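In what follows, a single structure is set out as structure tokens and then discussed.
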Amino acid sequence: VVNDLYDVEIDKVNRPERPLASGRVSRRTAWGFYAALSLAGILLAAWVSPLHVAFATASVLFLWGYSVALKGTVLLGNLAVGATIALGVLFGGLAAGPATAPLWAGVLLGGAITFVREIAKDVEDVEGDRIGGARTLPIVWGERRALGLALALTGLVLVSLPLAAETVGTAFYVWGVGLAACLLVAIWRGASALATGVDLREPARQTRAWLKGALVVGIVALVLTRLG
């Protein structure tokens with residue numbers, strides 16, 4: 001919600017169907033909704049532990065800072081979103097027990113996949129971001145090079161999965177197949193677009209979507225591995 005509040009003009013170009021960009025929801029209503037959700041998240045975290053209150057508060061601050069100042073920067077905004085997702089994984093893991101090596105593996109995987117996904121998203125959104133005066137990686141470095149970096153980093157995540165399996169449990173070799181498949185498709189879709197020289201906006205959107213799927217499938221795989 002807070003990201004949409006600060007991105008109304010950009011979303012009118014990139015995502016005109018969104019509630020604020022389309023005018024279906026007022027800014028006042030959106031601010032109230034954002035404040036209510038943020039407060040509810042922090043209060044619900046208080047039912048778990050003071051540490052979880054700190055995590056919830058940090059997440060609120062990360063997302064606000066991203067929306068206000070970091071979204072239009074080179075990589076810093078991508079890191080902020082990746083850190084927020086990593087905090088979410090850590091939040092859930094510490095609610096279930098102490099910090100262990102498998103939990104840290106999940107934190108790193110979640111943060112890394114999200115960081116790469118955000119780079120792909122910047123390629124997808126480059127038209128509106130440029131109009132809005134943002135200085136994201138594809139604007140500063142070029143769309144093709146930015147997407148190439150995202151694919152290279154996705155490859156690094158892919159080849160690190162055996163290490164994650166040794167850390168989390170050998171059952172991850174089975175449950176993690178879906179995660180590996182999502183990463184492979186993301187690489188294939190982006191690499192195909194780079195090889196053919198087509199407009200990168202749609203391929204970047206598809207790459208981002210597969211990376212988002214990889215995040216969800218990966219978290220499920222980690223949970224199933226630990227339950228087994």
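The values are calculated or read from the model by the stated rules, or taken from the named source; none is laboratory data. Quick caveat: nothing in here was measured; it's all calculated off a predicted structure. Methodologically, a virtual Cβ is constructed for each residue, glycine included, from the backbone with ideal geometry; neighbour enumeration extends over all protein chains shown. Heads up: the accessible areas ignore ligands, DNA and RNA and are worked out on the full protein's heavy atoms, side chains in. Shrake-Rupley method; radii C 1.70, N 1.55, O 1.52, S 1.80 Å.
Provide, as a two-decimal number, the C-alpha radius of gyration of segment 1-105 over 2.2 N^0.38 Å, N being how many residues it has.
Against the compact-globule rule of thumb, the ratio is 1.23.
Remind me, what semi-axes does segment 154-222 give for its equivalent ellipsoid, largest first in whole Å, using sqrt of 5 times each Cα gyration tensor eigenvalue?
26, 11, 7
For a paramagnetic label modelled at 7 Å from the Cα of Ala99 toward its Cβ, which residues of segment 196-228 fall within the zone defined by backbone nitrogen distances under 16 Å?
Under 16 Å, as judged by backbone N against the label point of Ala99, lies no residue of segment 196-228.
Taking 7 Å along the Cα-to-C-beta vector as the label spot, tell me the Arg28-Leu76 distance in nanometres, rounded to one decimal.
3.4
Report the Cα centroid-to-centroid distance between segment 190-220 and segment 42-69 in angstrom, as an integer.
Result: 29 Å between the Cα centres.
Cα extents of segment 93-139 along the three principal axes, largest first, in whole Å?
46, 15, 13
Given a 1.4 Å probe, how much area per residue of segment 124-186 is accessible, in Å²?
Roughly 47 Å² per residue, with all protein chains present.
For Leu200, what is the net charge nearby, where nearby means another residue's Cβ is under 14 Å from its Cβ and Lys, Arg count +1, Asp, Glu -1? Show your work: numbers first, answer last.
Numbers: positive: Lys121, Arg130, Arg144, Arg145, Arg189, Arg201, Arg205, Arg208; negative: Asp122, Glu124, Asp125, Glu127, Asp129, Glu143, Asp199, Glu202.
So the surrounding residues net to 0.
Quick one: divide the alpha-carbon radius of gyration of segment 74-191 by 2.2 N^0.38 Å and tell me what you get.
1.16
Please enumerate, by chain and number, the lysines with C-alpha under 17 Å from the C-alpha of Lys12, excluding those fewer than 8 residues away in the same chain.
Partners found: Lys71, Lys121.
Provide the convex hull volume over Cα atoms per residue for the chain, in Å³.
Convex hull volume per residue, Cα atoms: 115 Å³.
Hey, can you list the DSSP H helices of the chain whose Cα span along the axis is 15 Å or longer and whose average Kyte-Doolittle score is at least -0.5? Mind showing how you got there, number by number?
Values: long enough: 27-45 (27 Å, 0.95); 50-65 (22 Å, 1.45); 76-96 (30 Å, 1.79); 101-124 (34 Å, 0.82); 143-159 (24 Å, 1.33); 177-196 (28 Å, 1.68); 201-227 (39 Å, 0.51).
Span-like helices, by this rule, are 27-45, 50-65, 76-96, 101-124, 143-159, 177-196, 201-227.
Going by average Cβ neighbours within 10 Å, how do the peptides 165-178, 26-39, 212-225 rank, with the highest at the top?
The densest-packed peptide leads the list: 212-225, 165-178, 26-39.
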